[in-house]
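> Got a structure here, written out as structure tokens. Questions coming.
The values are calculated or read from the model by the stated rules, or taken from the named source; none is laboratory data. Quick caveat, the model's predicted, so the values are computed rather than measured. Reconstructed Cβ throughout: ideal geometry from the backbone, glycine too, with neighbour counts over all protein chains shown.
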């Protein structure tokens with residue numbers, strides 16, 4: 001452990017760290033950034049490639065649901081622990097975690113996540129969101145969601161597109177959120193058909209419940225398939241109602257856009273940001289039927305979004321970096337996430353800040369609240 005300072009990092013010549021002896025961590029001129037914040041990740045589904053894969057949403061939901069009743073609790077916990085380690089290793093020090101509530105398993109995953117969050121609080125802040133993956137029309141599902149919220153979870157989640165009556169689903173979620181004074185986070189519009197978009201229903205309830213700034217929607221691949229005028233009006237709707245957007249490149253590109261011709265099924269990060277929508281890029285899934293290629297690197301996710309959206313100019317690169325640092329920190333309601341008295345920082349193996357998004361270099365060290373929680377090399381002592 002080091003008690004001292006980081007020296008020789010690009011843009012931050014002398015920053016404090018806390019970690020055991022009076023020394024300094026020589027960054028060797030590498031780029032030091034605010035630590036990454038993952039606004040949307042599933043730990044209870046991580047590393048579950050146990051069945052044949054079919055790249056569509058319904059199959060992924062069904063596959064994971066079929067595993068829930070047979071997977072040993074230890075296997076789920078091991079995958080979640082590995083996922084936490086992966087996030088920290090890739091420079092993430094805070095994350096909003098979607099915790100499944102399902103009548104088949106009760107509150108087991110809620111208890112697992114609360115313990116996981118407590119055990120890892122020095123390395124990463126886990127903000128827990130109650131998430132009804134299979135909807136709220138199953139017997140007991142709505143009551144279970146309420147019970148999960150009552151357990152002390154931080155966010156009320158929803159997945160209205162899986163129910164026959166998505167409006168009722170939203171009413172339950174927003175009602176719970178208003179009663180408990182919690183934010184809302186919805187899986188939404190994971191489809192290539194703009195005609196199935198539920199964004200207007202969400203905007204109506206956001207306004208009715210006075211929750212501007214407290215509602216987040218994830219996926220929203222319908223934005224990629226909308227005609228330009230409709231997309232512009234929809235982004236304006238999100239901005240006017242203070243609804244944040246989380247784009248999930250690995251999952252969204254894997255599960256959607258399969259038509260003939262296919263679409264580039266990724267919500268337009270650059271257009272959303274330019275329209276005034278707070279927009280983040282997140283992991284969603286790691287190595288499971290929803291995203292076999294998921295690796296937990298937010299820098300890689302931003303890199304992939306840049307390729308898909310063909311945005312490489314300096315302003316676009318800065319917005320992509322903001323989408324994995326300041327924007328998700330705002331969504332989670334975190335204080336300044338970066339340099340400070342107890343800095344949250346990530347050191348990456350690059351010397352030019354302008355190339356970080358273009359190259360997606362590996363993480364060299366991760367610091368949370370000034371403490372070194374991961375390093376990939378033996379630091380020189382100064």
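> Among (1) surrounded by 17 or more Cβ atoms within 10 Å (Cβ to Cβ); (2) modelled with pLDDT of 70 or more; (3) not in a loop (DSSP other than H, G, I, E, B), which single condition is residue 23 missing?
Going through the list (1) surrounded by 17 or more Cβ atoms within 10 Å (Cβ to Cβ); (2) modelled with pLDDT of 70 or more; (3) not in a loop (DSSP other than H, G, I, E, B), residue 23 breaks only (2).
> Next question, about the same structure. Under 8 Å by Cβ, and 6 or more places apart or on different chains, what pairs join a residue from segment 303-331 that is free of Cβ contacts under 8 Å to residues at least 24 places away in the same chain and outside the structural domain of residue 344 (by TED's automatic domain parsing) with one that is in a loop (DSSP other than H, G, I, E, B) and surrounded by 20 or more Cβ atoms within 10 Å (Cβ to Cβ)?
none
> Quick check on my filter: what residues within segment 156-169 are in a helix (DSSP H, G or I) and surrounded by fewer than 24 Cβ atoms within 10 Å (Cβ to Cβ)?
Taking segment 156-169 as the starting set, the residues that turn out to be in a helix (DSSP H, G or I) are 160-162, 166-169.
Scanning segment 156-169 gives 161, 162, 166, 167, 168.
> How many residues does segment 177-189 contain that are surrounded by fewer than 21 Cβ atoms within 10 Å (Cβ to Cβ) and assigned to a helix (DSSP H, G or I)? Let's see the steps before the verdict.
Start the filter on segment 177-189 by keeping residues that are surrounded by fewer than 21 Cβ atoms within 10 Å (Cβ to Cβ), which leaves 178-182.
Filter once more, so that each one left must be assigned to a helix (DSSP H, G or I): 178-180.
The number of residues fulfilling the criteria is 3.
> Which one of these does residue 305 not meet: (1) in a loop (DSSP other than H, G, I, E, B); (2) over 17 Å from residue 83 (Cα atoms)?
Every condition holds for residue 305 apart from (1).
> Being assigned to a helix (DSSP H, G or I) and touching a strand residue (DSSP E or B) at 6+ places or on another chain (Cβ under 8 Å) is the filter here, so list the residues in segment 190-204 that pass it. If you could, list the steps in order and put the result at the bottom.
Let us first name the residues in segment 190-204 that are assigned to a helix (DSSP H, G or I), namely 194-196, 199-204.
Those that are assigned to a helix (DSSP H, G or I) and touching a strand residue (DSSP E or B) at 6+ places or on another chain (Cβ under 8 Å): 199, 202, 203.
> Same structure, new question: I'd like the full set of residues that are over 16 Å from the mean Cα position of the chain (by Cα) and part of a helix (DSSP H, G or I), limited to segment 245-269. Please lay out each step first, then the result.
Filtering segment 245-269 down to residues over 16 Å from the mean Cα position of the chain (by Cα) leaves 254-265, 268.
Matches in segment 245-269: 254, 255.
> Right, something else. Identify, from the list 213, 218, 242, the residue that is at pLDDT 95 or above, within 20 Å of the chain's Cα centre (by Cα) and surrounded by fewer than 17 Cβ atoms within 10 Å (Cβ to Cβ).
Working: 218 fails: surrounded by fewer than 17 Cβ atoms within 10 Å (Cβ to Cβ); 242 fails: surrounded by fewer than 17 Cβ atoms within 10 Å (Cβ to Cβ).
So the residue among 213, 218, 242 that is at pLDDT 95 or above, within 20 Å of the chain's Cα centre (by Cα) and surrounded by fewer than 17 Cβ atoms within 10 Å (Cβ to Cβ) is 213.
> So is residue 133 within 30 Å of residue 81 (Cβ to Cβ) and modelled with pLDDT under 95 or not? Before the answer, list the steps.
On the way: within 30 Å of residue 81 (Cβ to Cβ): yes; modelled with pLDDT under 95: yes.
Answer is yes for this residue.
> Just wondering, is there one or more residues in segment 95-110 that are outside the structural domain of residue 368 (by TED's automatic domain parsing), crowded, with 17+ Cβ neighbours inside 10 Å and in a helix (DSSP H, G or I)?
Among the residues of segment 95-110, at least one is outside the structural domain of residue 368 (by TED's automatic domain parsing), crowded, with 17+ Cβ neighbours inside 10 Å and in a helix (DSSP H, G or I), which makes the answer yes.
> Go through (1) modelled with pLDDT of 95 or more; (2) in a helix (DSSP H, G or I); (3) surrounded by fewer than 24 Cβ atoms within 10 Å (Cβ to Cβ) for residue 148 and report which single condition fails.
Evaluating residue 148 over (1) modelled with pLDDT of 95 or more; (2) in a helix (DSSP H, G or I); (3) surrounded by fewer than 24 Cβ atoms within 10 Å (Cβ to Cβ) leaves (3) as the failure.
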